[in-house]
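Peer 1: To start, I am sharing the structure in question, which I have written as structure tokens.
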Amino acid sequence: MTCRRPCASSRTRYVVGALVAGLLAMSSAACTGDGTTTTDSFTVGLLLPSRVVPRWENSDKPLIEQRVKQLCPHCKVTYANADDDPTAQRQQTIAMITKGVRVLILGATDNRALRSTVQEAHNAGVPVVAYDRLADGPVSGYVSFDGVKVGTLQGRSLLEAMHAPAEDGTTIVMMNGDPTSSNAALYKRGALSVLRGKVRIGRSYDTPGWSTDNAHANMSAAVSALGPGRIDGVLAANDAIAAGVISALKTAHVRHLPPVTGQDADLEAVRRIVNGEQSMTVYKSFRAEAGAAVAMALALGRGERLNTIATTTTDSPTTRRIPSVLLSPVAVTTANIKQTLVADGVYTVAQICTPRLRAACAKAGLTP
């Protein structure tokens, strides 16, 4: 099946926990033709898109570096962050290719803008693993989460958190992601599949750079246009956007904050959830995502195929049947922080429960 938008093949299912565990258990030795092993020694280029969203520097980078070291002790990782600048990311990519990286893991700042860069890597014989965001061009592999499901979880959670509609109907504001990201459209599509026909969308905004400041400005405009007491909920595409939304609502002296969604399970967002300021976030296991990306990158660096790693295929606007791993996200509220984020070792209760949150944490059952 060919898709005009990024989509997963209907022939396969999303990866499950057992498969992820298998990926993370891959051997760090490459086999030669006679059955013996040889020690790998090559460089993996890691290109991430931004510092605005905390996950890239705080989770993805260290997890990928650790997993490469575990699976390929003599391999190296060279790293660059584009700071939301596609031109800078192009230059970083070309520099890595020139310096001889054997494979690239690319979290694209702009999937379309990086198309020619991905093509240049392909022409140079350097395979590209699209990480978290599907880039245009001849990428060799793709690892991410089901973006439509992320939006669906956010939409459902928002409806549940709003409980009953307002007297004259339920009005929400949609604070969408960066339009240059292929994921933003998937999140929005998933959310609308749940919300359409059940709420009135009073205002809808895109958020360039997933920026908290841009979200604050947009939410301030929404409050001015709709009135501070006439917004029943906010569909915020991620936690950085949610932070800007909540800040704007407080600045407007909204006494009772409406439910606000999020994504990425940033530590500050989890604290806001405990404190009743944010209604939910979406937890995506960055450890599993990083592990699958490293497994793909090392296999490609060794000249191996991805058929034993990929669990599905994805079509981009330029490339069909890209070997893919699509992981399942999880909605997180106060009810399941302990069973998800704490149980998975993302955060400890002590990290979440600062002194000012002790009473709220006790109420939420978050005790050491």
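No lab work stands behind these numbers, since they all come straight from the coordinates. Keep in mind that what you see is a predicted model, and the values were worked out from it rather than measured. Positions of Cβ are backbone-derived with ideal geometry, glycine not excepted, and every protein chain shown enters the neighbour counts.
Peer 1: With a Förster radius of 25 Å, plug the Cβ-Cβ distance of LYS69 and ASP344 into 1/(1 + (r/R0)^6) and report the FRET value to the nearest 0.05.
Peer 2: 0.75
Peer 1: If you restrict to DSSP beta bridges whose two residues both lie in the chain, what percentage is antiparallel, to the nearest 5?
Peer 2: On the way: 10 of 41 bridges.
In the chain, approximately 25 percent of DSSP beta bridges are antiparallel ones.
Peer 1: Continuing with the same structure: For LEU226 and GLU57, what does the FRET efficiency come to when R0 = 35 Å and r is the distance between their Cβ atoms, rounded to the nearest 0.05?
Peer 2: Working from the Cβ atoms, E equals 0.50.
Peer 1: Also: Taking the Cβ-Cβ separation of THR367 and ASN123 as r and a Förster radius of 45 Å, what is the calculated FRET efficiency to the nearest 0.05?
Peer 2: 0.20
Peer 1: Oh, and also: Just THR207, THR311, THR87 to compare: in a GNM of the chain, with alpha carbon springs under 10 Å, which one fluctuates most?
Peer 2: Of THR207, THR311, THR87, the most mobile in the Gaussian network model is THR87.
Peer 1: When SER193, SER285 are ordered from fewest to most other Cβ atoms inside 10 Å of their Cβ, what list results?
Peer 2: With the fewest neighbours first, SER193, SER285 line up as SER193, SER285.
Peer 1: Continuing with this model, one more query. Provide Rg over Rh for segment 147-263; use the alpha carbon set for both Rg and the Kirkwood Rh (inverse mean inverse pair distance). Walk me through the numbers on the way to the answer.
Peer 2: Working: Rg = 12.7 Å, Rh = 13.6 Å.
The Rg/Rh ratio comes out at 0.93.
Peer 1: Using the count of nearby Cβ atoms within 10 Å as a rough guide to exposure, how do HIS163, HIS122, HIS216, HIS256 rank from fewest to most?
Peer 2: HIS256, HIS163, HIS122, HIS216
Peer 1: If you build the Cα gyration tensor of segment 214-346 and take the root of 5 times each eigenvalue, what three semi-axes come out, in whole angstrom, biggest first?
Peer 2: In descending order, the three semi-axes are 37, 18, 11 Å.
Peer 1: Hey, what does the equivalent ellipsoid look like for the chain, semi-axes from the Cα gyration tensor as sqrt of 5 times each eigenvalue, largest first, whole Å?
Peer 2: 37, 22, 18
Peer 1: Considering the chain as a Gaussian network with a 10 Å cut-off on Cα pairs, which listed residue, ARG102, ARG302, ARG196, attains the greatest mean-square fluctuation?
Peer 2: Of ARG102, ARG302, ARG196, the most mobile in the Gaussian network model is ARG196.
Peer 1: Next up: Mind giving me the nanometre distance, one decimal, between the label points for THR251 and GLU160, set 7 Å out from Cα along Cα→Cβ?
Peer 2: With each label point 7 Å from Cα toward Cβ, the separation is 3.2 nm.
Peer 1: Picking from PHE42, PHE286, PHE145, which is most flexible by a Gaussian network model of the chain using Cα springs under 10 Å?
Peer 2: Most flexible of the set in this elastic network: PHE42.
Peer 1: Let me ask you something else. Within the chain, what is the number of lysine pairs with alpha carbons under 17 Å apart, leaving out pairs fewer than eight places apart on the same chain?
Peer 2: 9
Peer 1: OK, next. How much length is gained on full extension from ASP206 to ALA88, taking 0.36 nm per residue of separation minus their Cα-Cα distance?
Peer 2: 40.2 nm
Peer 1: Amide H to amide H, which residues 5 or more places from THR354 or on other chains are under 5 Å from it, using H placed in the peptide plane?
Peer 2: Excluding prolines and chain starts, which carry no amide H, there are no hits.
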